[in-house]
Amino acid sequence: MSFPEKLKQLRKDAGLSQAKLGKRLGVTRNAVSQWEAGATEPSTKHLRKLAAALGAPLDQLVESTPAYEDQIITAATRLFDRLGYDETSIEVICAAADVSQHEFDALFTSKDELLYRVLTAYNERTFDDLRRIPAKYGTVIDRLKYLLHLYYVHDLTHLKLTAALHAYSWRWSEMRERDNQRQLSDHHDAVTGILEDAVAAGELRHGNFRAASELIFAAYTYALRKAVFSGHDADKLINHLEPQLMVVLQGLGYQDPEKD
């Protein structure tokens with residue numbers, strides 16, 4: 001059912017005429033008539049007032065489907081990466097996704113929420129690749145470099161988006177941070193798995209592998225600045241990161257075989 005059809009049906013179910021509904025909203029009967037005819041659309045402010053006046057959830061009034069959500073996330077990912085987060089308006093995203101502002105509002109409360117959903121989808125793709133082509137071979141340093149190189153390839157493919165996501169992470173809510181940490185558990189599981197394998201192979205001794213994983217992630221994230229400000233590619237970033245990886249591993253008893 002389209003928005004005009006839903007609006008008309010909900011208005012009748014509420015026992016309201018177009019004039020009475022318009023009065024509650026502070027608009028004319030003709031404005032309501034045009035909405036129901038599909039000639040015009042209510043503003044976001046009026047859409048929320050409509051939902052309250054009709055006693056209907058906003059997502060019932062406005063059609064929202066997984067297809068729309070995917071369209072918006074795909075369009076936003078492309079635009080944030082090409083134009084930058086601050087330079088991309090919701091109106092531009094809606095136009096690129098071929099959805100209305102109302103359909104956007106039914107799915108996302110703000111552009112910040114959309115950015116977080118982009119991050120979630122982005123993380124899922126990265127970790128899907130990790131599961132598909134895991135770091136299985138070589139020494140512990142080789143496997144860690146392989147893993148982090150895969151991350152860098154993903155991040156550098158969407159560098160403006162990556163920068164926006166890191167900037168946004170400093171201002172999101174505590175609840176969102178907890179959810180983000182749950183998403184990052186895939187990274188920590190991958191790193192601790194590599195370290196545990198290295199213990200079994202006699203390369204490392206047991207230690208606080210979660211702390212080691214957090215140190216590696218922090219070093220990885222900081223090194224991304226070299227991509228933003230110095231134009232480093234994934235290979236150069238790994239070369240820059242390797243001495244820091246060695247410091248972490250040496251704290252776990254690693255001896256570089258090339259120096260023996």
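None of the figures in this text is laboratory data; all of them are computed from the coordinates on show. Just so it is clear, the model here is predicted, and its values are computed rather than measured. Please note: Cβ atoms are built from the backbone with ideal geometry, for glycine as well, and neighbour counts cover all protein chains shown.
Structural remarks
- For the range 165-260: rounded, prolate or oblate by the Cα gyration tensor [a/c cutoff 1.5]: oblate
- Computed from the C-alpha gyration tensor, the three semi-axes of the ellipsoid equivalent to the range 79-195 are 31, 15, 12 Å, from longest to shortest.
- The range 186-204 residues near the modelled residue 246 label - backbone nitrogen below 18 Å, point 7 Å along Cα→Cβ: 203-204
- Projected label distance in nm at residue 192 and residue 153, using a 7 Å step from Cα toward the beta-carbon: 2.7 nm
- The GluC sites (Glu not before Pro) of the range 49-156 that DSSP puts in a loop, and whose beta carbon has at most 14 other beta carbons within 10 Å, are 87.
- Relative contact order [Cα under 8 Å, 6+ residues apart], the range 14-96, whole percent: 17 percent
- Relative contact order of the chain, defined on C-alpha pairs under 8 angstrom at six or more residues apart (%): 14 percent
- FRET efficiency estimate (nearest 0.05) - Cβ-Cβ, residue 179 to residue 43, R0 25 angstrom: 0.20
- If R0 equals 35 Å, the separation of the Cβ atoms of residue 23 and residue 2 corresponds to a calculated FRET efficiency of about 0.90.
- Nearest-0.05 FRET efficiency for residue 95 and residue 201, computed from C-beta distance (R0 51 Å): 0.40
- With helices as the sole contributors, the chain gives -23500 deg cm²/dmol at 222 nm; each DSSP H run of n ≥ 4 counts as -39500 (n - 2.57), and the sum is divided by every residue.
- Over the range 14-98 - Rg/Rh using Cα atoms and the Kirkwood inverse-distance radius: 1.09
- Cα centroid separation - the range 54-119 against the range 125-202, whole Å: 27 Å
- Nitroxide proxy distance, nm - points 7 Å out along Cα→Cβ at residue 208 and residue 233: 3.8 nm
- Pairwise Cα inverse-distance average, inverted: Kirkwood Rh of the range 1-58 (Å): 11.0 Å
- Taking only the Cα atoms of the range 63-122, the ratio Rg/Rh comes out at 0.91, with Rh defined as the Kirkwood radius.
- Largest first, the three principal axis extents of the alpha carbons in the chain are 87, 34, 29 Å in whole numbers.
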